[in-house]
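Data block below; observations after.
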Amino acid sequence: MPRYVLRWLSPLAVLLLWELVGRSGLVNPGILPPLSSALADLGHLVANGELPRAMAVSLYRILSGFAIATVVGVALGASMARSPLCEAILDPLVELLRPISPLAILPLAILWFGFYDASKIFIIALSASFPIILNTYAGVRGIEPSLVRAAQSLGANRWEISATIILPSSLPQIFTGLRLAWGVSLIVMVAAEMVGSSNGIGYLVLEASTDLPQRAGLRRHHRHRPLRLSDGSRIPAAEALAPALAGMRRMKDWWGAKTLFRAKCRALRHGSTPLREKTTSMH
């Protein structure tokens, strides 16, 4: 059997198992619908234009962030590998920021850039740059020094050495870093859009999950179950969650006011009549 046929066997087997499990009734169809139903819903999202619009927004964000990460990552990685001074200056910063989760920096990005594309692009570029930096550094460091010395003995300058020896020899490691960075970019993009966006694939997923309990027929008795504290006492769940729910309501009100303000600003910029708010007279 040809190898390319074998590579398709496992994905097809998973899809077939998905359809069979969804049709068998062993799993709630609201939680795991059959593959045919999922494809029908996918066609509906494509037909009404909702999915293409979300994909266009997300594609712009991920391509912009990935392009910035590629340029910055390759430049920093090559500079750190070729220059001991650059390595001494930049390596502590890279090792300090690399372990930090991108989602932990997302609130700061929203504070700096707002709920616009810039905050998502910043997070994507930051998270994707580290695999590129490390792999580029390893690729440039792995070049045989004899090749560089031979080029220097033949009169090649620094730019010629970089273009003919360093870059071609380190391309396998660079492409490995790009491959890893692309996967990181996808994950961070969806997570960032779910937290601080009103469009995109991540927001579409979050919006679709709101009606999951109704479609799945799940009951929400857990809201009324008491919560056990560390001292053994019990309090109603609604009372325990009241501060968090109040904070979420304040956040929702603030976001609605900000959206209305942005709509007014756009209307004024385009020269159209600004939105009018309904006011009630007070007596």
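Please treat every number below as a calculation from the coordinates, not as lab data. Not measured: the values here are computed from a predicted model. Heads up, the Cβs are rebuilt from the backbone with ideal geometry, glycines too, and the neighbour counts pull from every protein chain shown.
Expressed as a fraction of 2.2 N^0.38 Å, the value expected for a compact globular protein of N residues, the C-alpha radius of gyration of region 1-135 is 1.54. Full extension of the segment from LEU17 to ILE89, taken as 0.36 nm per residue of separation minus the current Cα-Cα distance, would add 20.6 nm.
Spacing of the modelled spin labels on ARG7 and TRP112, each 7 Å from Cα toward Cβ, amounts to 3.9 nm.
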